[in-house]
1. Against the 2.2 N^0.38 Å scaling, with N counting residues, where does the stretch 8-111 land? I'd like the Cα-based Rg ratio to two decimal places.
2. Can you sort H39, H61 from fewest to most other Cβ atoms within 10 Å of each residue's own Cβ?
3. Can you list residues whose amide H is under 5 Å from T72's amide H, if they're 5+ apart or on another chain and H is modeled 1.01 Å from N?
4. Suppose each label sits 7 Å from its Cα in the direction of the beta carbon; what would the A22-Q104 distance come out to in nanometres?
5. Could you pull out the pairs from K18/K55; K60/K101; K60/K89; K18/K101; K55/K101; K18/K89 whose alpha carbons sit more than 20 Å apart here?
Amino acid sequence: MKQQTMTPSELRSHVTEKEFMAHVIRLAQMYGWMSFHAHDSRHSAPGFPDLVLLKPTTEKHSGRLVFIELKTERGKLTPEQASWLNALKMAGQEVYVWRPKDWQLIEATLRRRENH
């Protein structure tokens, strides 16, 4: 049985970051991604991205590793978050800041097999 995800309009209507993350993780799992999220980041480096997704390498496709910062529609990046995202991007990593309004882009990104 296929898991249900929310429509973009449902996600935009007052969704919390925690709820948004649950939907992103569920969608990622549907597409075969492994996910990591530090549930208690108090002892972690400030600003590290919310979510790390790994699409394992197969015989037909190279793997992918992506770093994602999730924000509500009004959420702002902290200087530490911007620093981490910039450093990861400069190191050649695939980096995103996703908001509920980006749901179609999120789906397309997670469906895509190759690095962009």
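Any read-out appearing in this document is the output of simple, stated calculations on the displayed coordinates, not a laboratory observation. Computed from a prediction, not measured in an experiment: that's the story for all the values here. For neighbour counting, all protein chains shown are included, and Cβ atoms are generated from backbone atoms with ideal geometry for every residue, glycine included.
1. Values: Rg = 13.7 Å, N = 104, 2.2 N^0.38 = 12.8 Å.
Rounded to two decimals, the normalised Rg is 1.07.
2. Numbers: H39 4, H61 12.
Sorted ascending by nearby Cβ count, the order is H39, H61.
3. Answer set, sorted by chain and number: none.
4. Spacing of the two 7 Å Cα→Cβ label points: 2.7 nm.
5. Check vs 20 Å cut-off fails for K18/K55; K60/K101; K60/K89; K55/K101; K18/K89.
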